[in-house]
Amino acid sequence: MKEYKVSVIPGDGIGVDITEQAIKVLEKIGGKYGTKFNFTTLKAGGCAIDEFGTPLPEATLEECKKSDAVFLGAVGGPKWDTLPGNQRPEKALMGLRGGLGLYANLRPAKVYNILKSASPLKEAIIDKGIDLLVVRELTGGIYFGERGRGAEEDVNYAYDTEKYNVEEIKRIAHVAFKAAMKRNKKVTSVDKANILESSRLWRETVVEVAKEYPEVELNHLYVDNTAMQLVRDPSQFDVILTSNIFGDILSDEASMITGSIGMLPSASLRNDSFGMYEPIHGSAPDIAGKDLANPLAQILSAAMMLEYSFNMSEAARDIENAVEKVLEKGYRTGDIYTEGMKKVGTKEMGKLVLEEI
Ligand code: IPM
Ligand code: MN
């Protein structure tokens, strides 16, 4: 029997509710496919600030390094919102991404046929479908660049730096082109090359990498135009390749137009099979612990973990199909509920998915 060591970081808010359901799904899948997952639950985010005085305790990072994958819920909440920048729960994410070298963030956004009515886009637009993948650089750029504060002539200032080197751009570009080869063979590289020098290097480098993938169609868009195109006609996109900060913004937009931010998983990867998997939504503290959260993004993140870290594509499809069946039967958590559907809570939704596996 195959065995994998999985570090589980439920985090804060609904992270706790939804990881619980996803782990049950993983246990059942493990049984079905002869694989044992050894889970270790770790603290990071606001709960770690409360208990250890730091968002990412050294022990948590060390344990993650020893595991085969990290399975994360969500971190943060109003309770910790007034802390200084480097002590906030979000700092745990930066520490995990940077500390584990997870430079490639994959954020698929697709609209489920049965959930189309939940999209805020007009029918004529959403009918053309959305099935895109945001490939976001995750350990460079302005998130990790030099920053600081100072004063000039008694006026305070602050700055952050967007800096990319060629190697960082190349490796994320390869991830995007490889992903495109398995999809519809189209990469849209997003930058702000009309203004930013770092974007000009980004564009030049992507053009170079593209030569190794002659089958893939490459085009370039400025980030402001991309924001517009995403609501005008998202069906034009296959793979969107972009920097850390642009990817942050565009992936939120991409998820919102599908109408179901509670449905979207993500994977953060490097060159080996190790990865960190989490839903793209936040910790939704207002509904935490009330059995209201949608566990599906977390469950679908488990599917991504099986696919990318454990080479278990069939099991991953099994989970995705189970989710789709439950939706087809009309079950909905509050966030995706529409009239005539059957409203269920977090636990019931988890149970329904289990029953389909
Ligand atoms: C995300 C989040 C994080 C980011 C925050 C919480 C630091 O918005 O994963 O997209 O900006 O990367
Ligand atoms: Mn974000």
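The values are calculated or read from the model by the stated rules, or taken from the named source; none is laboratory data. These figures come from a predicted structure and were not determined experimentally. Backbone-built Cβ (ideal geometry, glycine too); neighbour counts: all protein chains shown. Heads up: the accessible areas ignore ligands, DNA and RNA and are worked out on the full protein's heavy atoms, side chains in. Shrake-Rupley method; radii C 1.70, N 1.55, O 1.52, S 1.80 Å.
The figures follow:
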quantity	calculated
Under 20 Å from Lys211, Cα to Cα: lysines that are on another chain or at least 8 residues apart	Lys170, Lys178, Lys182, Lys185, Lys186
Dipole magnitude of the chain about its Cα centre (Cβ charges: Lys, Arg +1; Asp, Glu -1), debye to nearest 20	940
Unsatisfied cross-links (Cα-Cα over 21 Å) in the set Lys5/Lys351; Lys28/Lys290; Lys5/Lys32	Lys5/Lys351; Lys28/Lys290
Carbon plus sulfur fraction of accessible area for the chain, probe 1.4 Å, in percent	50
Mean Cβ count within 10 Å, highest first, over the residues of peptides 214-222, 235-243, 286-294	235-243, 286-294, 214-222
Mean ellipticity per residue at 222 nm, deg cm²/dmol - from DSSP H runs of n ≥ 4 across the chain, formula -39500 (n - 2.57)	-12500 deg cm²/dmol
Ser199 accessible area, assembled protein chains, probe 1.4 Å, Å²	10
Student exercise, the range 18-113 dipole from Lys, Arg, Asp, Glu Cβ charges, in Debye to nearest 20	440
Relative packing of 150-158, 203-211, 265-273, which averages over residues the other C-beta atoms within 10 Å, highest first	265-273, 203-211, 150-158
For the chain, share of DSSP beta bridges that run antiparallel, in % to the nearest 5	40
R0 of 45 Å, Cβ-Cβ distance Tyr337-Arg200: FRET efficiency to nearest 0.05	0.45
Additional length obtainable on full extension of the chain from Glu253 to Asn225, 0.36 nm per residue less Cα span	8.8 nm
Compactness of the chain as Cα Rg over 2.2 N^0.38 Å, two decimals	0.98
Spin-label pair Asp233/Lys2, simplified geometry with 7 Å Cα→Cβ offset, distance in nm	4.1
Pair Thr82, Glu153: separation of 7 Å Cα→Cβ label points (nm)	3.5
Residues whose placed amide H lies under 5 Å from that of Leu42, excluding near-sequence neighbours	Val8, Ile9
Mean separation of Cα contacts under 8 Å (6+ apart) over length of the range 120-222, as relative contact order %	23
Label-point separation in nm, Ser273 to Glu215, each point 7 Å along Cα→Cβ	2.4
Cα lying deepest toward the dipole's positive end in the range 211-357, options Ile287, Asn271, Ala315, charges on Cβ	Ile287
Built amide H within the under 5 Å cut-off of Leu292, gap 5+	Thr346
Under 11 Å, Cβ to Cβ, from Asp291 - net charge with Lys/Arg +1 and Asp/Glu -1	-1
Within the range 109-249, percent of DSSP bridges classed antiparallel, to nearest 5	35
18 Å cut-off, amide nitrogen to a point 7 angstrom out along Thr161 Cα→Cβ, residues in the range 238-279	244-245
Sequence of Trp202, Trp80 when ordered by accessible area, the most exposed leading, probe 1.4 angstrom	Trp80, Trp202
Sequence-distant lysines (8 or more away, or on other chains) whose Cα lies within less than 20 Å of Lys122	Lys110
Radius of gyration and Dmax over the Cα atoms of the range 202-302, both given in Å	16.4, 52
Computed FRET value (nearest 0.05) for Glu146 with Glu51, which takes r as the C-beta separation and R₀ as 30 Å	0.45
Lysines with Cα under 17 Å of Lys91, excluding same-chain neighbours fewer than 8 positions away	Lys43, Lys79
